[in-house]
Structure formats: structure tokens, C-alpha cells
Protein chains: 2
Amino acid sequence: MDAIEALKGRRSVRVYEDKPVPKDVIEEIIDTARLAPTANNIQPWEFIVVTDPAARRKIADLTDWGKFIAQSGACVAVYAKAVKHYLEDGSAAIENILVAAHALGLGTCWVAGYGKDYGEPIREMLGVPEGYKLVGLVSLGYPAERPEAKGKRGVSDVLHWERYRDKSTKEA
Amino acid sequence: MDAIEALKGRRSVRVYEDKPVPKDVIEEIIDTARLAPTANNIQPWEFIVVTDPAARRKIADLTDWGKFIAQSGACVAVYAKAVKHYLEDGSAAIENILVAAHALGLGTCWVAGYGKDYGEPIREMLGVPEGYKLVGLVSLGYPAERPEAKGKRGVSDVLHWERYRDKSTKEA
């Protein structure tokens with residue numbers, strides 16, 4: 001799939017077909033994540049791919065907005081060493097996962113990790129060392145829905161040339 | 001360009017040709033940024049595109065590791081309302097900018113914004129309202145270098161199946 005098309009076409013998918021995701025496809029996706037930009041080349045991230053249904057059910061139950069993780073083919077738990085820019089690094093890596101998955105015909109949904117109380121119990125459950133922070137959980141599977149982009153601000157609303165201008169006020 | 005190729009091929013580019021980036025190319029890039037995932041669809045981001053050489057020089061001088069912004073064709077300052085997940089949202093948007101730019105033949109470098117003391121003076125300089133936080137600065141231009149990926153951890157080092165395993169210890 002074309003890169004621009006993939007970037008624009010990615011949506012949050014929360015309903016999946018009951019079909020596993022092949023291991024080599026997951027490896028290809030994580031290969032794009034590890035090549036995301038990272039401050040000072042620290043690469044603080046670890047990607048734990050959970051396919052086991054019982055483990056996914058447990059993760060889903062621990063989250064607030066990630067119940068669909070129980071029904072997806074896989075869940076990628078992204079943890080990072082708590083270095084200064086871990087949240088930016090980890091978020092860039094997750095975005096690569098989402099875009100790569102979409103390009104390969106899969107659907108994903110990013111379940112937030114920052115500031116969530118399930119970061120620690122999931123870390124312990126997955127055997128991730130102490131001190132690592134949950135960046136986010138990504139559900140991954142073959143999409144059984146095709147959501148439209150809804151209520152998105154337009155380019156002219158978010159893009160400011162040279163200087164910020166208040167776009168909420170209509171100007172002459 | 002193919003999406004997977006674009007995700008894997010992006011590098012941090014800090015040396016640029018002395019050549020402006022067309023406005024419609026910048027608009028296309030920001031169009032991918034505004035479609036990045038965003039918690040609760042808040043879309044807290046604003047993208048201020050600075051092409052003016054004097055303004056870029058001023059921004060470059062304020063930063064620690066962004067001196068090359070003075071020589072790039074443009075600089076995108078990404079600010080966001082300080083909502084809970086602004087840093088993840090803003091980072092996903094920046095990653096889209098980097099990948100889109102690479103797919104369109106441009107080079108970029110992400111200059112960190114989080115926790116940096118230049119966030120406020122650049123905000124004031126660009127007329128961004130109080131309360132917005134700098135996510136990052138992105139230099140943008142036609143690349144005059146082709147950096148290789150250096151010292152990257154391999155897929156098998158960062159990917160863990162079902163459970164974290166310490167990869168630093170060689171196992172049988």
C-alpha cells in the first residue's frame with residue numbers, strides 16, 4: 001500500500017474476525033516499530049506480543065477502554081525504560097505499528113498506557129522488569145468493521161503559516 | 001512509496017539542500033498528521049509551519065540540538081493543548097509527518113520539545129496561546145545526506161512472544 005494512503009487511511013478498529021495473525025506478519029510490523037525515531041538512539045522499548053486467549057482476556061479485563069483486546073488476534077504491550085523521552089519514543093513506535101498493520105490489511109486500536117493503573121499489574125503479569133513503563137497496548141487483528149474518520153479538524157484548521165492564528169474566529 | 005518501505009527507510013536528516021519546500025507538499029504532509037490517532041478524538045494539536053529564514057534562525061538558536069533548523073527549508077512547530085494524552089497524540093502526529101515527508105522525498109529531524117526550556121519562548125514568538133505545550137520541532141527539507149540506520153536493536157532483541165525474556169543473556 002502507498003505510504004500516504006496508509007497514513008491517511010488508518011482508523012481505530014475495535015471489532016475483529018476470529019482469525020489469528022501469522023507470526024511473520026507480526027514480525028514485519030515490529031520491524032517497523034524498532035526503526036522509529038528515538039531520542040539519543042536509546043531505543044528504550046520492548047514489544048511483548050500476546051496471542052494466548054486467556055492472557056488477552058486478563059489484559060482486557062484490567063483495562064478500562066480495552067475490552068476488545070480479548071477478541072483481537074493479538075495484543076502488543078509496549079513497555080519502555082523510563083528515560084526522559086520514553087513516551088515520545090514509544091508513541092512513535094506504536095504509530096509505526098498502527099500504520100504498518102493497516103498497510104498489511106490488519107486493524108488496530110491504541111489503548112493508552114500513560115497514567116493508567118493497569119500498567120503495573122500487566123507489567124508483572126508479562127514478566128517485564130521493574131522500572132519499565134507501559135506506553136500503550138495495541139490490539140491487532142483482521143478487521144470486521146471499517147470505521148470512517150469522524151469529526152476530524154481540516155488541514156486549514158490545524159495548519160498555521162509562520163504564526164498561530166485563531167481559526168475559531170472567521171476572518172475577512 | 002510503499003508504506004512499509006517508508007516506515008523502515010526514514011532516518012534523521014540534519015543536512016539539507018538550499019531549496020524551499022512547496023506549500024502543497026507541506027499541506028499534504030500535515031494532512032497525514034491531523035489524521036493520526038488521538039485519545040478521545042480531542043485532536044489537541046496545532047502545526048505552525050515556519051519558512052521565514054530569520055524566524056528559523058531564531059528558533060534554531062533557542063534550541064540545544066536543533067541548530068540545523070536554520071538551514072532546513074521549513075520547521076514545523078507542533079504544539080498541543082495540555083490534555084492528559086497530548087504527548088502521545090502529538091508524537092503520533094509527528095511520526096506521521098516524518099514518514100510522509102520521507103515518502104515524498106524529503107528529509108526531517110525531530111527535535112524534542114518535552115521538558116525543554118525553549119518551549120515557552122518559541123510559543124510566545126509564534127503567537128501560540130498560553131497553556132499549549134511544545135511536543136516537538138521538525139526540520140523539513142530536501143536531504144543533502146543519506147544517513148544509515150546505526151546501532152539499531154534487531155527484531156529478535158525487541159520482540160517477546162507471550163512474555164518478556166531477558167535477551168541480554170544468551171540462551172541455549
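Identify all residues within the range B:129-172 that are assigned to a helix (DSSP H, G or I) and under 29 Å from B:Phe68 (Cβ atoms); write none if there are none. Listed by number, the list holds a single entry, B:Val158. Taken residue by residue, the range A:6-14 has at least one member that is farther than 23 Å from B:Ser139 by Cα, modelled with pLDDT of 95 or more and surrounded by 24 or more Cβ atoms within 10 Å (Cβ to Cβ). Contact map, the range A:1-23: residues that are within 8 Å of chain B (Cβ to nearest Cβ) paired with residues that are acidic (Asp, Glu) and buried (at least 22 other Cβ atoms within 10 Å of the Cβ), Cβ distance under 9 Å, separation 6+ or inter-chain. Pairs shown: A:Arg10/A:Glu95. Annotation note: Cβ proximity below 8 Å between a residue of the range B:143-159 that is within 9 Å of chain A (Cβ to nearest Cβ) and a residue that is at pLDDT below 95 and open to solvent by 60 Å² or more (accessible area, probe 1.4 Å) (sequence gap 6+ or interchain) occurs for B:Ser156/B:Lys167; B:Asp157/B:Lys167.
The values are calculated or read from the model by the stated rules, or taken from the named source; none is laboratory data. Everything numeric in this text was worked out from a predicted model, so none of it was measured. All Cβ positions, even for glycine, are placed from backbone atoms using ideal geometry, and neighbour counts span all protein chains on display. For accessibility, only protein heavy atoms count, side chains too; no ligands or nucleic acids. Shrake-Rupley method; radii C 1.70, N 1.55, O 1.52, S 1.80 Å.
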